[in-house]
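Colleague: Before I ask anything, let me first share the structure, which is written out below as structure tokens.
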Amino acid sequence: MNESEREKWYAYHHQKFGIPLEYLKRDYEEELSGKVPMEAPLEVPDKMEVLYKYSFGQQSRFFRELRENKKIYGARCPECSKVYCPPRSHCSLCYQPTEWVPLKGTGVITACTVQYFTTSAFIRKVPFICAYVQLDGTDFIMLTNMEVEDVSNIRVGTRVKAHFREERHGAITDVYFRPVD
Amino acid sequence: MRRVGIVGMGTTKFKARWTDKTYFELAFDAARMAFEDAGIDRKRIDCAVYGIYNDFFQRQYQPDAFVHDYLGLGLKPMVRVNSGGATGGSAIRIGYSEVASGLYDVCLVLGVEKCNDCYNYEVQTTTPEVLRAILYTADMTYDNPAGRTAASGFALAVVAHQEKFGNPTEIQMAKVSVKNHYNATKNPIAQSPKVITVEDVLNSRKIVEPFKFYDNCLYTEGSSAVILASEEVAKELTDNPVWITGVGASADYVMPGNRPNIYTFESSRVAAKKAYEMAGIKDPLNELDLAELHDAFTGTEIMAYEDCFFCEEGDGGRLVDDGTVMHDGKLPVNLSGGLIGCGHAVGATGIMQTYEVALHLRDEAGERQHKNARRGLVQSIGGTLCTWTVCLVLERGKG
């Protein structure tokens, strides 16, 4: 490849995959230098992607309540009285249709840990708390986003409260938890 | 091996889009109907097999885990099966093995698929994005970059068959489309019930030579379930079981270069032969009363007549012309409407086909009931140029 072909290669992959040019150059400069033996393993940029207009189905109200009303809703089984959060349209034990119930948004940490390494999407946030919270009035635990200044203060039994982001999208990330002061 | 019977079954309606249900909510509906039909509840289930094809459709990897949870089957063993369009058939085959082996007595086999959350915002429709998700299951290095679709893959096989044998003709294919859309008008769960003519099919828009719009099945969302049980439990639960008396399966070379030809689907021939051997069938045309064949495309239904030994190789088109496979013919094919009329909710399809045959064997098929259904065939195929085939022979239990 000559200089102009290399530039086209970078531009094509930048455009196709949204990888910044400087990253492409950093990773592929050697490959495109013409010095790599023909038999050496060839690595190439690629991604798998599908777009959705995804329906939350029977959970739809839960996400609308977060977005519109800053409310967390659970689902109660009329037969066994268990309250699900995350909600479900039917009780999985009794097979009865559930009823919506508003929750207070408070709860208690039932298990927690500190994450120092994580996925590409959250790598800039470490260290952060990963915790299971049992929301008051429910029979289930739920993985939650926890935002705290000092991660060493969080332990099992810590009481927490839901906070809602200013900008909400109708997703579970609209809500996060902080210890109750 | 122990005898295995179908003791309960349920299916949601097959339709283009269930905006009000997620995949696990659809699965719940099918499971609940199957439990009600069997007169049991979830506690009676010993194990489960889930047929779910494409993780991209569900927007979820390992979707089986969430279905299992939603159905309240926690702590019971389960496994998910994926073999493309043959996923439903494969799921029943694995469920059969679970029970026949003696490992478990009662097995829930449930298929579900929800493809139409995939969405192309530019053209404001789902199909191009659904195709994109499907194409991730084609060979990623060579086939995917060629922009091939499932339709073009099977079109190549049909063209090869036409070159070799001079059929199926466009008119024979159109007749299959008319038949399956018509049969669907008698099926309350069908997605595409329609009374159309051969001309309507021939005049519909071209998709890929030689297929026109009406030669193709549509994309479907839905869930279907059957409950399998050992003979002893089956007899306790119902006086009208349906026995699975033949199971045949085969998986071909996925890269067609390793195949001698593409005008026949060798995996289908191997699977059908195995299923017939096991069920003691020597002359399928005379010993079967009805069949549900995998008609993702009209031309491949005709190829399936040959691959299931209803006729000699190259003679499939004749069975359309002489009426053999029509609803009132000697061996009606796809009384449900098949994939073209009823729909193709991939992971659920093979189970819907099994449900259909079993419905006839239980004398519960309503308006479309076969008059003397004693034994039926299910053919479930999938993958590039029919990588997988599963064939099942079902027989009525009641005298």
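Colleague: Taking the options A:Gly74, A:Gly157, name whichever one is crowded, with 17+ Cβ neighbours inside 10 Å and touching a residue at least 24 places away in the same chain (Cβ under 8 Å).
Modeller: On inspection, the qualifying residue turns out to be A:Gly74.
Colleague: Any idea which of A:Pro97, A:Pro87 is under 26 Å from B:Ala34 (Cα atoms), touching a His at 6+ places or on another chain (Cβ under 7 Å), free of Cβ contacts under 8 Å to residues at least 60 places away in the same chain and within 14 Å of chain B (Cβ to nearest Cβ)?
Modeller: A:Pro97
Colleague: Among residues belonging to region B:48-84 that are closer than 20 Å to B:Ala358 by Cβ and in contact with a Cys (Cβ under 9 Å, 6 or more places away or on another chain), point out the one that is surrounded by the fewest Cβ atoms within 10 Å (Cβ to Cβ).
Modeller: Among those residues, the one meeting the criterion is B:Val49.
Colleague: Since B:Asp321 meets every condition but one in (1) among the acidic types (Asp, Glu); (2) within 25 Å of B:Leu156 (Cα to Cα); (3) surrounded by 19 or more Cβ atoms within 10 Å (Cβ to Cβ), which condition does it not meet?
Modeller: It fails just one condition, (3).
Colleague: Count, please, the residues in region B:95-133 that happen to be out of contact with any strand residue (DSSP E or B) (no Cβ under 9 Å at 6 or more places or on another chain) and either surrounded by 18 or more Cβ atoms within 10 Å (Cβ to Cβ) or of a type outside the set (Ser, Thr, Tyr) (or both).
Modeller: So the answer is 4.
Colleague: Got at least one residue in region A:139-154 being surrounded by 15 or more Cβ atoms within 10 Å (Cβ to Cβ) and of a type in the set (D, E, K, R)?
Modeller: Within region A:139-154, one or more residues are surrounded by 15 or more Cβ atoms within 10 Å (Cβ to Cβ) and of a type in the set (D, E, K, R).
Colleague: Just for helices (runs of 4 or more DSSP H) wholly inside region A:1-77: which have at least 3 residues that are touching a Lys or Arg at 6+ places or on another chain (Cβ under 7 Å)?
Modeller: Hits in region A:1-77: A:60-69.
Colleague: List the pairs whose first member sits in region A:40-58 and is within 20 Å of A:Trp9 (Cα to Cα), whose second member is of a type in the set (Phe, Trp, Tyr) and in a loop (DSSP other than H, G, I, E, B), and whose Cβ atoms are under 8 Å apart, counting only residues at least 6 apart or on separate chains?
Modeller: Filtered contacts from region A:40-58: A:Met48/B:Tyr136.
Colleague: Provide a single number: the residues in region A:160-181 that are touching a Ser or Thr at 6+ places or on another chain (Cβ under 8 Å) and loosely packed, with under 13 Cβ neighbours inside 10 Å.
Modeller: Result for region A:160-181: 1.
Colleague: Can you find even one residue in region B:30-39 that is more than 13 Å from chain A (Cβ to nearest Cβ), assigned to a strand (DSSP E or B) and touching a residue at least 40 places away in the same chain (Cβ under 8 Å)?
Modeller: Checked against the condition, which is being more than 13 Å from chain A (Cβ to nearest Cβ), assigned to a strand (DSSP E or B) and touching a residue at least 40 places away in the same chain (Cβ under 8 Å), region B:30-39 yields no hits at all.
Colleague: Shifting gears a bit: Which residue pairs have Cβ atoms under 6 Å apart, sit 6 or more places apart or on different chains, and have a first residue in region B:54-76 that is under 18 Å from B:Thr87 (Cβ atoms) and free of Cβ contacts under 8 Å to residues at least 24 places away in the same chain and a second that is crowded, with 21+ Cβ neighbours inside 10 Å and among the aromatic types (Phe, Trp, Tyr)?
Modeller: Taking only residues 6 or more apart or on different chains, the pairs are B:Asp64/B:Tyr50.
Colleague: Mind checking which residues of region B:56-69 are within 20 Å of A:Tyr52 (Cβ to Cβ) and within 11 Å of chain A (Cβ to nearest Cβ)?
Modeller: B:Phe56, B:Phe57, B:Gln58, B:Arg59, B:Gln60, B:Phe66, B:Val67, listed by residue number.
Colleague: Restricting the search to region B:369-399, which residues are among the basic types (Lys, Arg) and farther than 17 Å from B:Thr354 by Cα?
Modeller: Once the filter is applied, which keeps residues that are among the basic types (Lys, Arg) and farther than 17 Å from B:Thr354 by Cα, region B:369-399 yields B:Lys371, B:Lys398.
Colleague: I would also like to ask the following. I'd like to verify a number: residues in region B:11-29 that are closer than 22 Å to B:Lys186 by Cα and facing chain A (nearest Cβ under 8 Å), how many?
Modeller: 1
Colleague: Can you give me the ranges of the helices (runs of 4 or more DSSP H) entirely in region B:43-107 with at least 2 residues that are closer than 30 Å to B:Tyr119 by Cα and of a type in the set (Ser, Thr, Tyr)?
Modeller: B:87-100
Colleague: OK, next. State which residue pairs qualify: first residue within 14 Å of another protein chain (Cβ to nearest Cβ) and inside region B:106-122, second residue basic (Lys, Arg) in any location, beta carbons under 8 Å apart, and separation of 6 or more residues or different chains.
Modeller: Here the result reads B:Lys114/B:Lys21; B:Asn116/B:Arg17; B:Asp117/A:Lys53; B:Asp117/B:Arg59; B:Cys118/B:Arg132; B:Tyr119/A:Lys53; B:Tyr121/A:Lys53, each pair linking region B:106-122 to a residue that is basic (Lys, Arg).
Colleague: Given B:Ile207, B:Ile171, B:Ile196, which one is in a strand (DSSP E or B) and more than 15 Å from B:Asp295 (Cα to Cα)?
Modeller: B:Ile207 is the lone residue from the list that is in a strand (DSSP E or B) and more than 15 Å from B:Asp295 (Cα to Cα).
Colleague: Of all residues in region B:322-360, which are part of a helix (DSSP H, G or I), of a type in the set (A, V, I, L, M, F, W, C) and touching a Phe, Trp or Tyr at 6+ places or on another chain (Cβ under 9 Å)?
Modeller: Let us first name the residues in region B:322-360 that are part of a helix (DSSP H, G or I), namely B:338-341, B:346-360.
Imposing the further condition that a residue be of a type in the set (A, V, I, L, M, F, W, C) reduces the set to B:339-340, B:346, B:348, B:351-352, B:357-359.
Listed by number, the residues that qualify are B:Leu339, B:Ile340, B:Val346, B:Ala348, B:Met352.
Colleague: Do you know which residues across region B:139-150 are buried (at least 17 other Cβ atoms within 10 Å of the Cβ) and in a helix (DSSP H, G or I)?
Modeller: Within region B:139-150, just B:Ala150 meets the criteria.
Colleague: How many residues are part of a loop (DSSP other than H, G, I, E, B) and either buried (at least 20 other Cβ atoms within 10 Å of the Cβ) or of a type outside the set (Gly, Ala, Ser) (or both) when one looks only at region B:241-283?
Modeller: Of the residues in that region, 15 qualify.
Colleague: Something else about it: With the checklist (1) away from chain A (no Cβ under 11 Å); (2) β-branched (Val, Ile, Thr); (3) surrounded by fewer than 24 Cβ atoms within 10 Å (Cβ to Cβ) in hand, flag the one item B:Ile6 doesn't pass.
Modeller: Every condition holds for B:Ile6 apart from (3).
Colleague: Can you tell me which residues in region A:28-59 are surrounded by 14 or more Cβ atoms within 10 Å (Cβ to Cβ), more than 8 Å from chain B (Cβ to nearest Cβ) and of a type outside the set (A, V, I, L, M)?
Modeller: Once the filter is applied, which keeps residues that are surrounded by 14 or more Cβ atoms within 10 Å (Cβ to Cβ), more than 8 Å from chain B (Cβ to nearest Cβ) and of a type outside the set (A, V, I, L, M), region A:28-59 yields A:Tyr28, A:Glu31, A:Pro45.
Listed here are the residues, each with its yes/no results for (1) in contact (Cβ under 8 Å) with a residue 12 or more places away in the chain; (2) touching a Cys at 6+ places or on another chain (Cβ under 9 Å); (3) aliphatic (A, V, I, L, M).
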position: B:Lys206; (1), (2), (3): no, no, no
position: B:Ser223; (1), (2), (3): yes, no, no
position: B:Glu231; (1), (2), (3): yes, no, no
position: B:Val242; (1), (2), (3): yes, no, yes
position: B:Thr245; (1), (2), (3): yes, no, no
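Per-residue answers, yes or no, for (1) closer than 26 Å to B:Asn240 by Cβ; (2) modelled with pLDDT of 95 or more; (3) in contact with a Gly (Cβ under 9 Å, 6 or more places away or on another chain):
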{"site": "B:Leu285", "(1), (2), (3)": "no, yes, no"}
{"site": "B:Ile302", "(1), (2), (3)": "no, yes, yes"}
{"site": "B:Glu313", "(1), (2), (3)": "no, yes, no"}
{"site": "B:Leu331", "(1), (2), (3)": "yes, yes, no"}
{"site": "B:Gly337", "(1), (2), (3)": "yes, yes, yes"}
{"site": "B:Ile351", "(1), (2), (3)": "yes, yes, yes"}
{"site": "B:Leu359", "(1), (2), (3)": "yes, yes, yes"}
{"site": "B:Leu385", "(1), (2), (3)": "no, no, yes"}
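The values are calculated or read from the model by the stated rules, or taken from the named source; none is laboratory data. Note that the coordinates shown come from a computational prediction; the quantities given were computed from them, not determined experimentally. Here the Cβ is made from the backbone with ideal geometry for all residues, glycine too, and neighbour counts use every protein chain on show.
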